[in-house]
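This report refers to the structure that appears directly beneath it.
The values are calculated or read from the model by the stated rules, or taken from the named source; none is laboratory data. Computed from a predicted model, the values in this text were never measured in an experiment. Cβ sites come from the backbone with ideal geometry, for glycine too, and all protein chains shown count toward neighbours. In case anyone asks, the SASA skips ligands and DNA or RNA and just uses the protein heavy atoms, side chains included. Shrake-Rupley method; radii C 1.70, N 1.55, O 1.52, S 1.80 Å.
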Amino acid sequence: MTPSETNRHEARGAARDGADDGAGAPDPAGSTDAPGGSPAWELLLPAVSAPARTRGRSPQAALREAVRTGRLAPGTRLPSSRDLAADLGVSRGLITEAYEQLTAEGYLRSGRGAGTWVGGAVRAAPPRARDLAPRSPGTRADFVAGTPDLSLFPRSAWAAAQRAVLTELPHHDLGYPDPRGLPRLRTALAELLARRRGVVADPERIVVVSGVAQATALLGFVLHARGVRTIGVEDPGSPQHDALYASAGVTTVPLPLDGEGVVVGPLRESGVRAVVTTPSHQFPTGIAYSARRRTELLQWARSVDGMVLEDDYDGDFRYDRAPVGALQGLDPEHVAYAGSVSKSLAPGLRLGWLLIPESLADEVIERKRTMDLGHPTLDQALFARFVEHGDYDRQLRRCQRAYRERRDTLVAALEEHFPGSQVAGIAAGLHVIAAFPRRYGPQDVFLARMAAAGIAVRPLTDYTHARAGHDDDGDVRLVLGYAHLSPARIRAGVRLMAGAAEAA
C-alpha cells in the first residue's frame, strides 16, 4: 500500500470510528456545538434530493462548500453518520463516505470516540470575485482615451467564424502550438500587414502575442538578457511603458518630441541603443513622424547597431488620406513592429502580433515559449479565418466610418461650445489633443470643475514623465477620447463640459 493509500485508509477509519459516536468525549481543542440542533441536516437536504446518479457526490460537495464559506465554522461538531443518515432518510453509507472523503481532504477531523468536527485548516472564501478592470463609474460623460466602441464588435460574423473553426480544426491543432503561433494565422497576418501597413512580413518572423503589452514585455526581457538596461521612450507617451519595461529590469529614459517626432539629438546623447516609438500616429500628441525624422531615426539605429520598437497601435485609422506606411518597411532588421486588434475589434480578445528582426528571432521565440507555451489555438484559428474571408477588412472599414464621424462631431462641438479652442494632430486614431483658451484655466481649476460635474477627462500632462521636469504652465490641454461615444453622447458631453467650465 502506498503512503497516500495508507493515509487515506487511516483517515477513513478515523472518520468511521468518530462518526459512530457524535456525542463522545469532548474535543480537547474545544468545540462549538452545531447551532440550531443540526446545520448539517439543513445543508444536506437539497443534496440528498438530487437525482440518484449524482447523489453520491452531492453531500460531499454541500459539506465542503459549507466549510469553505464559513457556514460551518471551525470546531463545529457534526452528527454521527448514523444519526444524520436517519434524519435525512438516506443510507448511512452515503454519509459515511462523505465524512471519510472530507476527512481525507482536511475539511473535517475526527478521533476515535471523539466524534467528527469541522477542521481549522480552511479559511472562509471571499463572498465574490472583485472586478479590477478599468472603469469610469458614476460619470456623466467619459472622454478618457484608449477604448474603442465595443458595441461595434462583429458578434454575428465572429460567431459564424467560431462555428466554422470548431468544425474544421484538425484534432492535432488542439495540442501545444508553435510558440510563434499557428502557421495559418502567421501567413494570414503576413499578407494583411504587407497589404495594409507596408511592412516586410515573413511568416517565420511573426509571433502571435497577447496584445502589444506582451510584445513589449517580450522585447524587454530579451534586451535585458543581452545586457540592455535602459530604453528610450517618447515624452509625452504611453504611461504603460515604464511599468512594462521595469518588470523586465529595464529603465525607461524619456526623450523629447517636436513637431516631427522624437528629437534625434537628445536620443544620441542619452546613450540608449533601443527606443520605443509610435511614428504613424504618435500617442498622445497625434503627430505623424515626418519623412526626414524617420530617416534620421533609422540612421541613428544603424550607427549604434540599435533597435527601434514600433508600436502601431492605431495605424489603420487615418481619415483625411491613406495611412502612412509602417516604419518597419524601411528597415526590417533594425525595427521590431507590434500591433493588435485592441482598437479594431476589442482589447478583451488579448490578440496581437510582433514582427521581429532576424537577429532577435530565436531569443524572442524561446522567451515566448517559456512565458506561456503559445497563444490559445482556437483564438488563433478563429482570427485567421476572420482575416482570410475578408471579415477583418470589413470591420476596419466599419470602424473607420464610425470613428471619422465621431472625430468630426467632437471637433465641431468644441468649436461651438469652446470658441478659440484648437485641436492638434492629424485626422487619425481614437483621440484628439484639445487646447483651450487661457480664460478656461488654470488647468487644475478646470480639472476640478470637470470632476465635480462627473466628467472624466485626462490632461496631456498625465502622459508626460514626472522625472522629466515638465512644468504646468496653466494652459488647459486635454487628451479627449471619442471612439467609444456616439455622436449624440459626444455633443451632450461637450455641452456638459462647457457648463462646468463656466461654473463659478
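D235's amide H: which non-local residues (gap 5+, or another chain) put their own amide H closer than 5 Å, with H modeled 1.01 Å from N in plane and none for Pro or chain starts?
Close amide H contacts, sequence-distant or interchain: L255, L257.
Remind me, what semi-axes does segment 155-303 give for its equivalent ellipsoid, largest first in whole Å, using sqrt of 5 times each Cα gyration tensor eigenvalue?
Semi-axes (√(5λ), whole Å): 34, 19, 15.
Kindly write out, for segment 259-264 in residue order, the coupling ³J(HN,Hα) from the Karplus curve 6.51 cos²θ - 1.76 cosθ + 1.60 (θ = phi - 60°), rounded to whole Hz, with x marking Gly and Pro.
x, 10, x, 4, 6, 6
If you plug each phi of segment 367-380 into the Karplus form 6.51 cos²θ - 1.76 cosθ + 1.60 with θ = phi - 60°, what whole-Hz ³J(HN,Hα) values come out, in order, with x for Gly and Pro?
5, 5, 4, 6, 6, 8, 6, x, 6, x, 5, 4, 4, 5
When the accessible area of segment 342-388 is split by element with a 1.4 Å probe, what percent falls to carbon and sulfur?
51
Give the angle, between 0 and 90 degrees and rounded to the nearest 10, that separates the Cα long axis of helix 58-69 from the longest principal axis of the Cα atoms of the chain.
60
Please work out, to two decimal places, the log10 of the ratio I(q)/I(0) at q = 0.09, 0.14, 0.15, 0.17 Å⁻¹ from a Debye calculation in which every Cα of segment 87-229 carries one identical scatterer.
Ignoring solvent entirely, the Cα scatterers give -0.72, -1.00, -1.05, -1.18.
Over the chain, with the other protein chains present, what is the accessible area per residue in square angstrom, probe 1.4 angstrom?
Averaged over the residues of the chain, the accessible area is 46 Å².
How much net charge surrounds Q400 when only the other residues with a Cβ under 9 Å from the Cβ of Q400 are counted, with Lys and Arg +1 and Asp and Glu -1?
+4
Rounding to the nearest 10 and keeping the result within 0 to 90°, find how far the Cα-based axis of helix 155-168 lies from the longest principal axis of the chain.
Helix 155-168 and the main axis of the chain meet at about 60 degrees.
Express the C-alpha Rg of segment 361-467 as a ratio against the empirical globular expectation 2.2 N^0.38 Å, rounded to two decimals.
Computed over Cα atoms of segment 361-467, the ratio equals 1.64.
Which far-off residues, 5 or more places away or on another chain, put their amide H under 5 Å from the one on T76, with H placed in the peptide plane?
Residues meeting the criterion, in which the H sits 1.01 Å from N, are T32, V118.
Which whole-number percent of Cα pairs in the chain have a distance greater than 37 Å?
Tail of P(r) above 37 Å: 49 percent of Cα pairs.
Two decimals is fine: what's Rg over Rh for segment 223-276, C-alpha atoms, Kirkwood radius as Rh?
Rg/Rh: 0.97.
I need the fraction of alpha carbon pairs in segment 416-499 separated by more than 21 Å, rounded to a whole percent.
For segment 416-499, the share of Cα pairs beyond 21 Å comes to 28 percent.
How much of the accessible area of segment 102-150, probe 1.4 Å, is carbon plus sulfur, in whole percent?
52
Per DSSP H run of n ≥ 4, the term is -39500 (n - 2.57); total these for the chain, divide by its residue number, and report the mean residue ellipticity at 222 nm rounded to 500 deg cm²/dmol.
Helix-only estimate at 222 nm: -13500 deg cm²/dmol.
Can you give me the angle between helix 211-225 and the longest principal axis of the chain, using Cα atoms only, in degrees from 0 to 90, rounded to the nearest 10?
Here the helix axis deviates by roughly 90 degrees.
Carbon and sulfur atoms: what percent of the 1.4 Å accessible area of segment 389-477 do they account for?
Here carbon and sulfur together make up 46 percent of the probe-accessible area.
What are the ³J(HN,Hα) couplings of segment 345-361, residue after residue, when phi is run through the Karplus curve with 6.51, -1.76, 1.60 and θ = phi - 60°? Round to Hz, x for glycine and proline.
10, 6, x, x, 6, 6, 9, x, 8, 9, 9, 10, x, 4, 5, 9, 4
Give me the orientation-averaged projected area of the Cα convex hull of segment 301-366, in nm², one decimal.
Convex hull of Cα atoms, orientation-averaged projection: 5.6 nm².
Calculate the length of the line joining the C-alpha centroid of segment 166-186 to that of segment 253-277, in whole Å.
The two parts, judged by their Cα centres, are 40 Å apart.
Of all DSSP beta bridges located in the chain, what percent are antiparallel, nearest 5?
Expressed as a percentage, antiparallel bridges in the chain total about 60.
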